[in-house]
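S.K.: One structure coming up, written as structure tokens, with questions to follow.
The values are calculated or read from the model by the stated rules, or taken from the named source; none is laboratory data. The model shown is predicted, which means the values in this text are computed figures rather than measured ones. Here the Cβ positions follow ideal geometry from the backbone for every residue, glycine too, while neighbour counts run over all protein chains shown.
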Amino acid sequence: MKITNFTIKRNLQLCSGVFFWFLFFLTQLASGQNCSREVLTEGSRPFKYYEIKLPPTLELETSQISGMTKIRSKIVLLQEDSPIIYRIDQNAIDDCLKDSESSVGSGPIATSTITIEENSQILGDLELRDFEAIATKPLDNSHELIYLLIEKTDTHNVLLKGIFEINSETITVSKKTEFSTMGIHNKGFETLLAIEEGVIAIPEINGFYKRRNYKDRAIVKKFDDDINEIGFSGKVHLNHRVADATRLDQNNNFWVINETSHGDWPNPKANDQICIERLAQVNFSGSNFKETGYIINFPLKPIARCEEKSNCCKSHSNDFKKFETSNWEGLARFEFSDWKGFLLVTDQNKPLISDRHNPSRIHRLRGPVGPTKLIFIPDQ
């Protein structure tokens, strides 16, 4: 057979075509896993959850998520070190969850963005980074009142008030207020809760941390609608880390992420320590916070804190899933279409993290780098 340049060119074209369709097949195969369902065992009962694939932009190292809430029909994800907020339509989450039930392949969920405008007259020299929490409440039919929490230093947090026009893509900051923390390194206020008369900031540490009991010092901060601090003595008596909260419901109940963090235990050598990964319901009345007793333990463990089943602390369940992440950071109630449950989002796990307030200090975390995870836990 005589081999000509035309023959070689044609064979190359055929090979490249086959290779293209092979890659396309792999892409479609992988896309079927972009919204997946898994069932584990928590105690003696099954535990079902769904993992929702986020787009590549949210898997970048610069897209560390630090909070989550709901604005009308959108779920919004707050970035820690950027004035960009991601939003996801509830319909997209609904479609993704339904696809996972029917094993239909779907790509990463669609997102859009909201930008926080940098108003130097209001912000001064404050950088729009180190965001810790977001809370919102309706202002009128077309505007939402936005509260944003920034961890400025170990001793001070900054609360921002802004207005979000529903049909726009920007948040206009109108005021800032600075307030003091308990002074624990990298453990300031982590959670915002919008209430009828304003907003509440809840400390990250409310109980034991590094063998000390901070319950008497963990005072919740209360602000009016114009973020003026109001005298307040309320406390959330929950041991372990409080990371984020849902909105108040009609009975003045809300849910918080409540999880084990480094140094939580009064006796770190105890053999009966349990890795806490749970949602706890709290009731707010006047100046009182009371845990209602409703608890959801979930067997999903950030690998940075419990790398192996016996290496950190015990689990409530022998059948748990390890995520290559550091902490659970965002929580929102999801009630849409046929779904009722919770959305949870993690931050990323990085082997080396520079301290934001002291760049020469390095935190070493176990495990490989892992992307942000968004999951849905149905009521069960």
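S.K.: Quick check on my filter: what residues within region 156-184 are basic (K, R) and surrounded by 14 or more Cβ atoms within 10 Å (Cβ to Cβ)?
M.R.: K161, K176
S.K.: Are there any pairs with C-beta distances below 9 angstrom linking a residue in region 117-128 that is within 18 Å of I84 (Cα to Cα) and part of a loop (DSSP other than H, G, I, E, B) to a residue that is among the small types (G, A, S) and at pLDDT 90 or above, with the two at least 6 apart or on different chains, and if so which?
M.R.: Listed by first residue and then by second, the contacts come to E117/G162; N119/S174.
S.K.: Considering only region 126-179, state which residues are closer than 15 Å to E190 by Cβ, of a type outside the set (A, V, I, L, M, F, W, C) and in contact with a Lys or Arg (Cβ under 7 Å, 6 or more places away or on another chain).
M.R.: D130, Y147
S.K.: Just name the residue that is nearest to E80 (Cα to Cα) out of those in region 145-155 that are surrounded by fewer than 19 Cβ atoms within 10 Å (Cβ to Cβ) and in contact (Cβ under 8 Å) with a residue 40 or more places away in the chain.
M.R.: T153
S.K.: Being surrounded by fewer than 15 Cβ atoms within 10 Å (Cβ to Cβ) and aliphatic (A, V, I, L, M), is that true of even one residue in region 85-107?
M.R.: yes
S.K.: Could you please tell me which pairs satisfy a Cβ distance under 6 Å, a separation of 6+ or placement on different chains, a first residue in region 244-269 that is on the phi < 0 side of the Ramachandran plot and modelled with pLDDT of 95 or more, and a second residue that is of a type in the set (S, T, Y) and assigned to a loop (DSSP other than H, G, I, E, B)?
M.R.: Hits for this filter: F254/T246; W255/T246.
S.K.: Looking only at region 97-125, filter to residues that are at pLDDT 85 or above and touching a Phe, Trp or Tyr at 6+ places or on another chain (Cβ under 8 Å); which one of those is nearest to I166 (Cα to Cα)?
M.R.: It comes out as I114.
S.K.: Does region 220-227 contain any residue that is of a type in the set (K, R) and at pLDDT 80 or above?
M.R.: yes
S.K.: Residues I171, I195: which one is among the aliphatic types (A, V, I, L, M) and in contact with a Ser or Thr (Cβ under 8 Å, 6 or more places away or on another chain)?
M.R.: Only one candidate passes the filter, namely I171.
S.K.: In the set L148, L128, which member is within 21 Å of the chain's Cα centre (by Cα), at negative phi, hydrophobic (A, V, I, L, M, F, W, C) and modelled with pLDDT of 95 or more?
M.R.: L148
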